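What follows is calculated from the coordinates using simple rules that are stated; it is not laboratory data. In this text, all values refer to a predicted model and were calculated from it rather than measured experimentally. Cβ sites come from the backbone with ideal geometry, for glycine too, and all protein chains shown count toward neighbours.
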Amino acid sequence: MPKDAQGLEITGSPASVQALDQAVSDYYAWKGDPVAVLQEAVDRDPAFTLGHSAIASLLVLNGLRGDHPAVTAALSAAQASIGGAGTRENRHLQAAQAWASGQIVVATNIWEDILIDQPVDALALRFAHDSYFYLGHSLSIRDSVARVLPAWDPQGANYGYVLGQYAFGLEEAGELRHAEEVGRAAIARNAEDGWAVHAVAHVLETESRQAEGIEFLKASRPAWSKAHALSIHNGWHLALYLIEEGRFAEVLSDYDRFVAPRLTGESLLDLVDASALLWRLELAGADVGGRWAPLAESWLGHVDEHVLVFNDLHLALAVSRADNAEGVQRLRRSLDAYARDGIGDNRDITVDVGRRLVDGALAFAEGDYARSIELILPVRYKVIRIGGSHAQRDLVTQTLIAAAERSGRTNLARALLAERLAVRPTERTRQAYARAGGVTAGHA
């Protein structure tokens, strides 16, 4: 039986195993089209069970609903060919089926079971990594890699990418010094490792090292831009630094050059980044002009999907700021139906915390800042449940502060800004705190 690049046996032809290795390499590098590579392989080799189930997992992790025809076709093909497969391949199918049915936690548990027995299973490791990110399970992002890292060959082709994953997990777990060390080690192995660059960018943002972050990302842009599936997101990190320094024109120029042309593509991450970027610019006082309308139009094609409430929140930002009243009503009606009839982990997260955040954002966009505070403040420490990174979820905190300022609740604004100043002591935060009557000596 042929083996993949990690030495694991695969049911399928040698050509299929080569395709799997290529797809894994592309997936880890945020390059190429791993789904297309695998689809070509399974078309030639229908017995390539892992290829079918990996396609299904990649599609749902990329934002497709579990009942999308492409997902159901891949799952059916995997089920039809499972007879000749081994235990590990059976588990991969079970995990894909679980994710497609909305049981994200069950899927991660299955992938972790695979990794206990086969710690170098590249698909299981990355699928679990991405799922923990969607769930906001920060410690699991770190520990899932830490458990298997000693089993990986430091001379192997994908080892650097695994280091990049570990660096991000360390950052999300608050181990910033270690995260930067590991992330820079991964970049030293491969300057085009977009996820390792991303991990270091997180560290620099969390530590308010804006000038250093700008220099780091601008200097390395020719390399990390080659990770095309992540290039908009790493550009978003550059924008965070520039916004803190008030360099709005640069951010808008990059938006028009790099982000706007991608709005009609298939990447939900690009749409998320676009929404978050324009919203943060407006919170900081920038005029983004008519950029909301085409973004909202792209988002409305996903209004009934509800794969992740994190996505629904960013959809809400776009349609509300585009003054698309019909789009707002469509979103509200769809979320009502999803809460009533939906199933799975994301539905439970939506009901518990996500819907309040969506409605809070809509209230903010409508100028009802008191209502926005009423909705967001009680759940602000549960925001982690919607997934994403600490940096992405910071948008909720920034919105809450702005709502307090704009509603005249100066005491609340001052308290929130004092809290923020303790962890993100930027000049913009200091100035906002001073305007709210705060004394910054205590945070010197």
What are the ³J(HN,Hα) couplings of region 311-323, residue after residue, when phi is run through the Karplus curve with 6.51, -1.76, 1.60 and θ = phi - 60°? Round to Hz, x for glycine and proline. 5, 4, 4, 6, 4, 4, 4, 5, 5, 6, 6, 7, 6
Using the alpha-carbon centroid of each, what span in Å lies between region 294-323 and region 22-87? 27
When Cα Rg over 2.2 N^0.38 Å is calculated directly from the model, which label among (1) 0.98; (2) 1.25; (3) 1.31 fits? (1)
I'd like the distance between the alpha-carbon centres of region 140-182 and region 326-379, rounded to an integer number of Å. 35
Residue separation between THR264 and ALA337 times 0.36 nm, minus their alpha-carbon distance, gives in nm 23.6 nm
Against the longest alpha carbon principal axis of the chain, how many degrees, from 0 to 90 and to the nearest 10, is the axis of helix 49-61 turned? 10
Can you put PHE127, PHE258 in order of Cβ neighbours within 10 angstrom, beginning with the fewest? PHE258, PHE127
Which of the aspartates and glutamates could a cross-linker bridge to LYS3, judged by Cα under 15 Å and excluding same-chain residues fewer than eight apart? ASP21, GLU89, ASP121
How much length, in nm to one decimal, is gained on full extension between ALA211 and THR410, taken as 0.36 nm per residue of separation minus their Cα-Cα distance? 68.6 nm
Take every Cα pair under 8 Å in the chain that's 6+ residues apart, average their separations, divide by the length, and report that relative contact order as a whole percent. 11
Sequence ranges 212-219, 351-358, ranked by mean other-Cβ count within 10 angstrom, highest first: 351-358, 212-219
In terms of Cα to Cα distance under 19 Å, which lysines are near enough to LYS218, apart from those fewer than 8 places away along the same chain? LYS226
Sequence gap at least 6, Cα distance under 8 Å: using those rules, report the relative contact order of region 325-444 to the nearest whole percent. 16
For region 311-372, calculate the relative contact order in percent as a whole number, restricting contacts to Cα pairs under 8 Å that are 6 or more residues apart. 39
Helix 34-44: inclination vs the chain longest Cα principal axis, degrees, rounded to 10, gives 20
In debye, nearest 20, what is the charge dipole magnitude of the chain about its Cα centre with +1 on Lys and Arg Cβ and -1 on Asp and Glu Cβ, if you could check? 1100
Which one, ALA15, VAL307, PRO154, is farthest towards the positive end of the dipole of the chain when Lys and Arg carry +1 and Asp and Glu -1 on their Cβ? VAL307
Can you bin region 4-141 into rounded, prolate or oblate? Criterion: square roots of the alpha carbon gyration tensor eigenvalues sorted a ≥ b ≥ c, rounded for a/c under 1.5, prolate for a/b above b/c, oblate for the rest. rounded
Charged-residue dipole, Cβ positions (Lys, Arg, Asp, Glu), region 290-408 about Cα centre, Debye nearest 20: 220
